[in-house]
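Take a look at the structure below.
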Amino acid sequence: MQGRASPDVPGIAAATVFAIASQIIGAAFLYLILRVDGGWQVVGLLALLGLGFYLLERLPWIADYALASFARVPLVAMITAAVIVLAFPFFVGSNTYILHLLIVAELYAVLALALNFQLGSANIPNFATGASYGIGAYVSALLAINFGVSFWLTLPVAALAATLFGFIIGIPSMRTRDTYLALVTIAFGVVVQQLLNNFSWTGGPNGLVGIPAPSLFGHSFADPLVIFGWKLPSQANFYYLSAALVVVAIVTAHRLHGSRIGLAWNALRADEIAAKAQGINVAWFKVLAFAVDAFLAAFAGTIYAFYVSYISPDNFTFLVSVTIMTMVIVGGMDNIFGVIVGAFLLTILPEKLRAFADYRLLFFGVVIIGFLMIRPQGLFPQRMRRYGGEP
Amino acid sequence: MSALLKVENLTMRFGGLVALNDVSLSIDKGAVLAVIGPNGAGKSTLFNVVTGVYRPTSGRVTFDGAEITDRPSYEVVDRGIARTFQSSRLFSDLSVLDNVIIGMHTRTRTGVLTALFRPGASRREMAACVEKAETLLKLGSGDLFEQRYRPAGTLAQADRRRLEIARALASQPKLLLLDEPSVGMDDMETDALVADITRLRVQNPALSVILIEHDMRVVEAFPQHVTCIDYGSKIAEGDFAAVRAEPRVQEAYLGKAVAHA
Amino acid sequence: MAELLVQQLVNWITLGCIYALLAIGFSLIFGVLNVIHFSHGDVAMTAPFITLALAQALATALGASGPAWLVLAVPVAVLAVGLIGVLLDKVVIRRFRDAPAMMALVATVALGIVIRELIRHLYPQGSNPHAFPRLVSGMAFEISGVAISWFALLVVVLTVALVAMLFVFLRMTPLGLRIRAASEDRVVARMMGIRDARVFRATFFIASAIGAIAGLLFASYAGVTRFDFGVMAGLLGFSAAVIGGLGSMPGAILGGLIIAGIEVLAQTFVPDGASYRLVFVFLLVIAVLIFRPAGLLGRTVMEKV
């Protein structure tokens, strides 16, 4: 970085074209990979993706140029993104399977962004994100089924309950680190899952059924969505809802990352003792990372519960936590964009590689080990903060 | 005028090992105190106890009129003590600029709710930090400012030491603890370091500095108050000439240093 | 009542020994590499499958199925698992020796998934539970009306023998002393010219082979084995090692007995305790880690600043 001539700042016109074109290409790629049905087409698209990453790696100015362009015309970039997200279901049409994949990918993106506060920003291992996700889902489902509480009201309640849980698992992090802390989070995860499995009021291993669909201004989310005469399947409701949650997660991540809180997390990732010497209350910031993680995960859990309308302890196991962890590691620790890409890739790819459907977990395992050994920084490594200054 | 920092009868034991044995010392506002002594004498342990990294076995530390024995590090830093580490513990994967901004942690206030719901306030705070950090980086010797977007881990040794000092100053300390700041510096860089410390004191006459040093040329530059520690005990104090003349000091420290030189 | 008590006492000791053997592997590897080998439980639980496959193969090749083949297959499986451990170290784990602890942890968790999935796909009908015979059957003797099985006796005798052998090995043989030196201080050990590679190989072989024995006993105790038993076996063994204090052999044994004790107590005295036993076990793990982060017999290491 140092000593190299700073890349030319793109002009407004060039930046606008780039910001729009690159996002459309990205969306088109996502559309294609969702559309194709296994076989050679998938392999071809994967090869294309590989080529893309190879180019990004060999020609670092591409990434610099992209970031500079987006920074130059942020409004254009954001409007383009919004239009693409809003328009996507119209291209998908009545294919509910694709919409389902997109919803799951969006929820995983939220979970991965949640975990990223710990794993990416602060380097705290947490194998209990799946449990926070489950607590969110169960709290809101129980409220809705037993007390008829509306979905919109269960959202904040579930989030608060999970945040409390986050604080509780965070407390041992004041006393323990690394391996020991990992074990504490695993233990919490197992305890939560076992309790869900054994309590009668959580439905035991059978879980909870018949979670009512939410409704907004009299429109039930179980009904098809009609916009300007276009009829979208009912999944589209949840697609937009989850997309909104992803936006909330991105804004949260972005604001925390850019504030003194994100810096404090990064400091304790790099050197805990030096962080203490700068006056950072290390214990508090660790607990905080747990709480923020649980808060966001609970939102995802609530939407998931109302979307599938049936939840059981099996949806929130240790393996779910590992899956989320894989997404963060593959996408790129402490890189918001990377984490989202990781979540989408790892949700959609295993589904598309139908021939390997049975080998999904094996694939995850090998991918994690491979990345940690060959490219521990992930597909999109973290970037230095720039503060509006020249690079 | 009463002392800014007062250490009374400090003892620190690790199991059977006595790292500090009944050490007392004090430093006035605006003064420089040099702590010398052989490797492993307990000098860094002294810093670790003062800054709350270790809890002392017994003894009292008072700073600026308040007792800070056993207080957590973040409170100690907030009260106005900043330090550097002998082994320069920078946040190596963060930029030089970020390292300094993190140093301002106790002087900034943004919490989660502010960051989330009043992003403007959070952004303004960061912008002010960036400005202050850039000023600090321009201040010292070397060209840290030009390297401000480099990862701290890639800096040359002398720059690492300078960055640690800049990071410590970022917390606007009343007392600066420097743990062997000249390690890894050549003669010219060491002279620049002495000039940096001297200039700091001119700009901020109230700033007190405790200096752990091996390089006698640095100690000589601040000769009024020198304390020598050996095997965890204070064996001499006074001005540089007096401490140097002390036979126990020569035996424990200078003698060996001279013999090696 | 007395009968029940004796019966539960026997269960406790049997289970405690099995957990202790698993915990020893975790402790040994952590001591030498400073890395948590999270997939150790999965490595251990490959042993019953290898044994079954081998016995099956021998039976089809040479005819006449029977316990004889099992007896032959067991030692081969133990050796094979020891070698698997060495291989995993060489290919994966060793690369994370100097990386942040977090990375080794995640990598070995992933490794565990890979091992489980490989069992599931490679073993015929790998997703299903497979019956695993008692290695020895029948009753040895009676205490106050309770018959003590040969199997319980075997577990105890085997555990005592293995621990004694390990103790002698680590204290008396040159290689053992080097392993101990390496676990005391890796840097010093390297400076003293101890060849790391051999120490690692030996550590992984011993830990995995002992784990294999524990795995065989575990499957034999349960009467059944499944591809994913390694998760729980690993978690319980690791918890035992951590409760006792990672790196401490007596701690590993103590931890194993404590974990098994909680399980048996929960099953015996708490209504519906069997389904909640894991809850009790892991609540204890959390409590120990909060109040004694270095474990019961572990040394608290103060980080040098």
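The values are calculated or read from the model by the stated rules, or taken from the named source; none is laboratory data. None of these values were measured; they are calculated from a predicted model. Note: ideal-geometry Cβ built from the backbone for every residue, glycine included; neighbour counts use all protein chains shown.
List of remarks:
- Qualifying residue in the range C:267-275 (condition: in contact with a strand residue (DSSP E or B) (Cβ under 6 Å, 6 or more places away or on another chain) and either away from chain A (no Cβ under 12 Å) or surrounded by fewer than 19 Cβ atoms within 10 Å (Cβ to Cβ) (or both)): no
- Subset of the range C:60-89 (residues that are more than 18 Å from C:L216 (Cβ to Cβ), without any contact (Cβ under 8 Å) to a residue 12 or more places away in the chain and in a helix (DSSP H, G or I)): C:T60, C:A61, C:L62, C:L87
- Scope the range B:208-218; condition under 14 Å from the mean Cα position of the chain (by Cα) and within 22 Å of B:D159 (Cβ to Cβ); matching residues: B:V209, B:L211, B:I212, B:E213
- Hits in the range A:368-380 - residues which are within 9 Å of chain C (Cβ to nearest Cβ) and assigned to a loop (DSSP other than H, G, I, E, B): A:P376
- Scanning the range B:90-122 for residues that are within 21 Å of B:L137 (Cα to Cα) and without any contact (Cβ under 8 Å) to a residue 60 or more places away in the chain turns up B:L94, B:S95, B:L97, B:D98, B:T108.
- Exactly one residue out of C:G298, C:G261 is within 20 Å of C:T159 (Cβ to Cβ) and either more than 9 Å from chain A (Cβ to nearest Cβ) or of a type outside the set (A, V, I, L, M, F, W, C) (or both), and it is C:G261.
- Residue identified as touching a Lys or Arg at 6+ places or on another chain (Cβ under 9 Å) and more than 30 Å from B:A127 (Cα to Cα) among A:P224, A:P233: A:P224
- C:V279 within 20 Å of A:F188 (Cα to Cα), within 13 Å of chain A (Cβ to nearest Cβ), in contact (Cβ under 8 Å) with a residue 24 or more places away in the chain and in a helix (DSSP H, G or I): no
- Among the residues listed as A:L115, A:L67, A:L119, A:L107, the single one being in contact (Cβ under 8 Å) with a residue 24 or more places away in the chain, within 24 Å of A:G332 (Cβ to Cβ) and out of contact with any helix residue (DSSP H, G or I) (no Cβ under 6 Å at 6 or more places or on another chain): A:L67
Yes/no per residue for (1) small (G, A, S); (2) in contact with a strand residue (DSSP E or B) (Cβ under 9 Å, 6 or more places away or on another chain):
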| site | (1), (2) |
| --- | --- |
| A:L30 | no, no |
| A:W40 | no, no |
| A:G44 | yes, no |
| A:L56 | no, no |
| A:A66 | yes, no |
| A:G93 | yes, yes |
| A:V104 | no, no |
| A:Y108 | no, no |
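- Scope the range C:90-117; condition part of a helix (DSSP H, G or I) and more than 7 Å from chain A (Cβ to nearest Cβ); matching residues: C:K90, C:V91, C:I93, C:R94, C:F96, C:A104, C:T108, C:G112, C:I115, C:R116
- Residues within the range B:77-113 that are facing another protein chain (nearest Cβ under 8 Å) and β-branched (V, I, T), tallied: 7
- Selected residue (criterion: farthest from B:L176 (Cα to Cα)) from residues of the range B:142-165 that are in a loop (DSSP other than H, G, I, E, B) and without any contact (Cβ under 8 Å) to a residue 40 or more places away in the chain: B:E146
Table: residues versus (1) in a loop (DSSP other than H, G, I, E, B); (2) more than 14 Å from chain C (Cβ to nearest Cβ); (3) crowded, with 24+ Cβ neighbours inside 10 Å; (4) not basic (K, R).
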| position | (1), (2), (3), (4) |
| --- | --- |
| A:V287 | no, no, no, yes |
| A:N315 | no, yes, no, yes |
| A:I340 | no, yes, yes, yes |
| A:Q382 | yes, yes, no, yes |
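- Among the residues of the range A:214-246, the ones that are loosely packed, with under 15 Cβ neighbours inside 10 Å and within 16 Å of the chain's Cα centre (by Cα) come to 1 in all.
- Qualifying residue in the range C:178-192 (condition: modelled with pLDDT under 85 and either within 14 Å of another protein chain (Cβ to nearest Cβ) or on the phi > 0 side of the Ramachandran plot (or both)): no
- Condition broken by A:M333, with the remaining ones in (1) under 28 Å from A:V251 (Cα atoms); (2) in a helix (DSSP H, G or I); (3) of a type outside the set (D, E, K, R); (4) more than 11 Å from the chain's Cα centre (by Cα) satisfied: (2)
- Cβ pairs under 6 Å, 6+ apart, first in the range C:199-228 and part of a helix (DSSP H, G or I), second basic (K, R) and surrounded by fewer than 24 Cβ atoms within 10 Å (Cβ to Cβ): C:V199/C:R178; C:S220/C:R134
- Count - residues of the range C:30-46 that are surrounded by fewer than 24 Cβ atoms within 10 Å (Cβ to Cβ) and either of a type outside the set (A, V, I, L, M, F, W, C) or on the phi > 0 side of the Ramachandran plot (or both): 2
- Residue check for A:V149: of a type in the set (A, V, I, L, M), over 23 Å from the mean Cα position of the chain (by Cα) and within 14 Å of another protein chain (Cβ to nearest Cβ): no
- If the condition is being surrounded by 22 or more Cβ atoms within 10 Å (Cβ to Cβ) and more than 8 Å from chain A (Cβ to nearest Cβ), then the range B:114-135 contributes only B:A133.
- Residue pairs whose Cβ atoms lie under 8 Å apart, sitting 6 or more positions apart in sequence or on different chains, and linking a residue in the range C:140-165 that is surrounded by 13 or more Cβ atoms within 10 Å (Cβ to Cβ) to a partner that is at pLDDT below 80 and part of a helix (DSSP H, G or I), are C:V146/C:E3.
- Among residues of the range A:261-285, those that are more than 7 Å from chain B (Cβ to nearest Cβ) and of a type in the set (G, A, S), counted: 3
- Within the range C:115-139, being crowded, with 21+ Cβ neighbours inside 10 Å and of a type outside the set (D, E, K, R) holds for C:I115, C:I119, C:F132.
- All positions within the range B:79-92 that are within 12 Å of A:K276 (Cβ to Cβ) and more than 14 Å from the chain's Cα centre (by Cα): none
- Residue in the range B:4-24 that is at pLDDT 90 or above, touching a Ser or Thr at 6+ places or on another chain (Cβ under 9 Å), assigned to a loop (DSSP other than H, G, I, E, B) and surrounded by 15 or more Cβ atoms within 10 Å (Cβ to Cβ) present: yes
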